[in-house]
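The values are calculated or read from the model by the stated rules, or taken from the named source; none is laboratory data. Model, not experiment: these values are computed from the prediction. Quick reminder, even Gly has a Cβ in these numbers, built from the backbone with ideal geometry, and neighbours come from all protein chains shown.
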Amino acid sequence: MHERSNWLAAAWVLIAACVLGIPVRAQTPAVEYAFEPVIGMPGKDVVWVPTPPPVVEFMLDVAQLTPRDFVIDLGSGDGRIVLAAAKRGARGLGVELNADMVQLSNDEAARLGLSKRAEFVVKDMFQTDLAPASVLTTYLLPHLNVKVRPQLLAQMKPGSRVLTYAFHMGEWQPDAVLQVNGLTVHLWIVPARAMGLWRWDHDGIGFTRHYEMNVRQSFQLITGSASSKTSFAYLRDMKLEGDRISFTLTEEAGSALAQTRYEGRIEGDAIVGTARTNNQDVVRRWSATRVAGRTDIEQRK
Ligand SMILES: C[S@@+](CC[C@H](N)C(=O)[O-])C[C@H]1O[C@@H](n2cnc3c(N)ncnc32)[C@H](O)[C@@H]1O
């Protein structure tokens, strides 16, 4: 109950600032700037309300941020998320339409000696190339998260992490919903495109068989059916995480019963990985080719 009321409070701050236009003085560090941000200041699509510092640090923990990561914060406000990422050795870009906030953020990066790793630009988030981001953060209202969703699914590499403070992404179910101080953070792992018709040959029980697998996909959730000319085949335990796909194919071939665990990485229209039948010691190389049906991930058919 206490956690729920905290979450509601976090959501209320942003919604109240948007709807009622209530300005609240920001608790910013005691640094002299000609421009002083005020919580609730209007923005193009949403007002400025900052993510609380413990939530910022928690989001970066959940992202398992490393110095190899590149963070993009959409609507970066006073730059706190990208600056926090740069302090941990990562690089990042803050995208913000308020030029004063961008100036403030770049000044703070310079003051902290982080300008090489933290950059802020005046730009519309919907006109931003998200391909460089291995981590994307937002504190936007749900309809804006949903609006940016096709952009991030089309542009970000599979396996990249998306984190939001407080708000969801519509029908795209999060991979994790976590709490810090009663405030909610969502995590999504960008899925590869796994849908379509895949073919491969495999010899797990003494003779080569030809398989077809039809994969249906709704964001990171996959289901499918498999067929083989020489056996009855069924797919179970299908999982997609980033570019990693795994499933178990059970089949009856005459009186033989085979169960093969497939694990691989999707690279374009190929899957490369391993297959292991009936828990035997032999782990065989496995590759499959997509022959049809690669479509936009949000069409989901
Ligand atoms: C709720 S604040 C979040 C600030 C920051 N991300 C944080 O978590 O502390 C949203 C920010 O998005 C900015 N904004 C609104 N519409 C935008 C747009 N179309 N493109 C870029 N920034 C935008 C606002 O000016 C505001 O600073």
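Quick notes
- In the set (1) within 19 Å of the chain's Cα centre (by Cα); (2) near the ligand (Cβ under 7 Å from one of its atoms); (3) free of Cβ contacts under 8 Å to residues at least 60 places away in the same chain, the condition left unmet by residue 75 is number (3).
- Test: residue in region 29-40 that is charged (D, E, K, R), within 12 Å of the ligand (Cβ to nearest atom) and part of a loop (DSSP other than H, G, I, E, B): no
- Against the numbered list (1) farther than 19 Å from residue 70 by Cβ; (2) within 16 Å of the ligand (Cβ to nearest atom); (3) within 12 Å of the chain's Cα centre (by Cα), residue 165 comes up short only at (3).
- Considering residues of region 140-162 that are under 18 Å from residue 91 (Cα atoms) and either over 20 Å from the mean Cα position of the chain (by Cα) or charged (D, E, K, R) (or both) only, the residue nearest to the ligand (Cβ to nearest atom): 161
- Listed by position, the strands (runs of 3 or more DSSP E) contained in region 171-220 that have at least 3 residues being surrounded by 20 or more Cβ atoms within 10 Å (Cβ to Cβ) are 183-189, 209-218.
- Test for residue 124: is it more than 22 Å from the chain's Cα centre (by Cα) and of a type outside the set (A, V, I, L, M): no
- Yes/no for residue 249 being under 30 Å from the mean Cα position of the chain (by Cα), within 18 Å of residue 208 (Cβ to Cβ) and in a strand (DSSP E or B): yes
- From the list 268, 242, 264, the one residue that fits, being touching a Gly at 6+ places or on another chain (Cβ under 8 Å) and over 17 Å from residue 202 (Cβ atoms), is 242.
- Given (1) exposed (fewer than 14 other Cβ atoms within 10 Å of the Cβ); (2) touching a residue at least 24 places away in the same chain (Cβ under 8 Å); (3) more than 21 Å from the chain's Cα centre (by Cα); (4) closer than 12 Å to residue 215 by Cα, number of the condition residue 293 does not satisfy: (1)
- Filter pass, residue 240 being in a strand (DSSP E or B) and touching a helix residue (DSSP H, G or I) at 6+ places or on another chain (Cβ under 8 Å): no
- Failed condition for residue 159, given (1) assigned to a loop (DSSP other than H, G, I, E, B); (2) touching a strand residue (DSSP E or B) at 6+ places or on another chain (Cβ under 7 Å); (3) crowded, with 16+ Cβ neighbours inside 10 Å; (4) outside the structural domain of residue 284 (by TED's automatic domain parsing): (3)
- Screening region 193-203 for residues that are out of contact with any Leu (no Cβ under 9 Å at 6 or more places or on another chain) and at pLDDT below 95 and picking the one that is farthest from residue 293 (Cα to Cα) gives 203.
- Among the residues of region 90-139, those identified as of a type outside the set (A, V, I, L, M), under 20 Å from residue 169 (Cβ atoms), near the ligand (Cβ under 10 Å from one of its atoms) and surrounded by 17 or more Cβ atoms within 10 Å (Cβ to Cβ) are 128, 137, 138, 139.
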